1. Which of (1) over 27 Å from His38 (Cβ atoms); (2) outside any helix (DSSP H, G or I); (3) in contact with a helix residue (DSSP H, G or I) (Cβ under 7 Å, 6 or more places away or on another chain) does Trp358 not meet, given it meets every other one?
2. Only one residue in Ala302, Ala297 is assigned to a helix (DSSP H, G or I) and not polar (S, T, N, Q), so which one is that?
3. Take the residues in segment 320-362 that are aliphatic (A, V, I, L, M) and surrounded by 20 or more Cβ atoms within 10 Å (Cβ to Cβ), then tell me which one is farthest from Val400 (Cα to Cα).
4. Test each condition in (1) at pLDDT 95 or above; (2) outside any strand (DSSP E or B); (3) under 26 Å from Gln378 (Cβ atoms) for Ile350 and report the one that comes out false.
5. When the residues of segment 50-62 are narrowed to those that are touching a strand residue (DSSP E or B) at 6+ places or on another chain (Cβ under 7 Å) and not β-branched (Val, Ile, Thr), which ends up surrounded by the most Cβ atoms within 10 Å (Cβ to Cβ)?
6. Can you give me the number of residues within segment 330-347 that are part of a strand (DSSP E or B), at pLDDT below 95 and more than 19 Å from the chain's Cα centre (by Cα)?
7. Every residue in segment 341-371 that is touching a Pro at 6+ places or on another chain (Cβ under 8 Å) and among the small types (Gly, Ala, Ser), please.
Amino acid sequence: MTIPGVPTVMFSRLLIVVCFTFAANVCYATALEPQTRHDPAVLLGTDAAGVNYRVEGPVMGDGFLRNYRLHTAYGDFQVRGDGLLKIRLSELRALAALKQFNGLETYGAGFSRAVAAPFEFVGGLVTKPVETLDETATGINEWFDRIGAGINNPDSNPDGTIASALGVSKVKRQLAFDLGVDPYTDFPPLAKRLNDLGQAGAAGEITVAAALTQVPGAAGMAASGVSTAGNVRALVRDKTAAQLQEMNQAKLKKLGISDKTTRSFLGNRVYTPTDQTAIATSLSFLAGIHGLDAFVARLAQAPTRDVAIFQRRRVDQLVAYHKSITPLRSFVMLKGFPFNRTATGRVVGIFPLDEFAWTETSAQLIRSVTEDLRRQDQMDGAEFRVTGTITPAARQNLAVYGWRSVDRVRY
């Protein structure tokens, strides 16, 4: 949208003045966008289907993350976000590899029974059928929509995370390490299979290293679905959940994180012990940045698994930016959400979003944080960076509000 005879830059500045003069009214350069729709084959290529799954179409986007519907040999599952999808596909490949264990009778009758046992999901582990899955919004959409509101995690329980992980045997952790998956996975089919094999291994009926030599392709599966340094993977393999918790407490204390915030974060069960170890380790690279306690407190408020994965990926992105682009000086709370200020004084928002579209929620987010920045006279040079794509409409509106936008970020 422009005015004939008026330069684009001058028009954008005029529109900004009009918008903030009448801030109570909605004022955007372009109209709000509907949900995006994607063909899985076009979006994912060969990853759209595998030996034990297929991604159902269409894939819907809510302006922040994409909603995927996985039809698998173990049931139908909803997966919210590219980050979590990458993990699930890695876990499904691990399940396909584990199926190759069938027939290895030499490892004992108990092991053979564990391999052949059908999946029996109990305790509410069965997901909703694919036709009833909610495609309207991811947890991130709802989370951004509550900017400025207090968010509590009803599942926070410092003892719960440890109690739920006590049954993870050393054999199970080793097997997960070799397959490149999280031994504390929340994916029911893999959790069940790892647990069965771990119990068989604990009984002395299987040597993991020997068994894996019988599995075609297993040796090349150690790439994790979420970036995690090799030393973190080794820690998760070699230490119990209780030991990881103690280690993570010490790391957070060294960073100056309060006991209250630490308990809240480590007690949030939407994070696995692996997630928490990866985050605590990455946060060590941000030592000395002002506002770190407030940031960890925000991490502790993650209400759903997709938000937890988003936050883990965001920590990775912050560290990468801090180390390779520009050092970060502080966290800046804008409408209750942590953005960052660089050493040069510029405000930057760094987010692992699949696609940033101009929806009602994203428009409200940008308008609210921009108002906050302008009240502080800190808008100059503000930058919005995402790992995925930014739609043309979103890019145009970000520019109207004074944000420089960068997408497809790779460090």
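The values are calculated or read from the model by the stated rules, or taken from the named source; none is laboratory data. These numbers were taken from a predicted model, which means no experiment stands behind them. All Cβ positions, even for glycine, are placed from backbone atoms using ideal geometry, and neighbour counts span all protein chains on display.
1. Of the numbered conditions (1) over 27 Å from His38 (Cβ atoms); (2) outside any helix (DSSP H, G or I); (3) in contact with a helix residue (DSSP H, G or I) (Cβ under 7 Å, 6 or more places away or on another chain), the odd one out for Trp358 is (1).
2. Ala297
3. Ranking the candidates gives Leu328 first.
4. The one condition Ile350 does not meet is (2).
5. If we take residues in segment 50-62 being touching a strand residue (DSSP E or B) at 6+ places or on another chain (Cβ under 7 Å) and not β-branched (Val, Ile, Thr), then Gly61 is surrounded by the most Cβ atoms within 10 Å (Cβ to Cβ).
6. Qualifying residue count for the region: 3.
7. Ala343
Every residue, every condition in (1) modelled with pLDDT under 85; (2) part of a helix (DSSP H, G or I); (3) farther than 19 Å from Ile309 by Cα; (4) of a type in the set (Ser, Thr, Tyr), yes or no:
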{"site": "Tyr184", "(1), (2), (3), (4)": "no, no, no, yes"}
{"site": "Gln199", "(1), (2), (3), (4)": "yes, yes, yes, no"}
{"site": "Ala234", "(1), (2), (3), (4)": "no, yes, yes, no"}
{"site": "Met247", "(1), (2), (3), (4)": "no, yes, yes, no"}
{"site": "Gln276", "(1), (2), (3), (4)": "no, yes, no, no"}
{"site": "Ile279", "(1), (2), (3), (4)": "no, yes, no, no"}
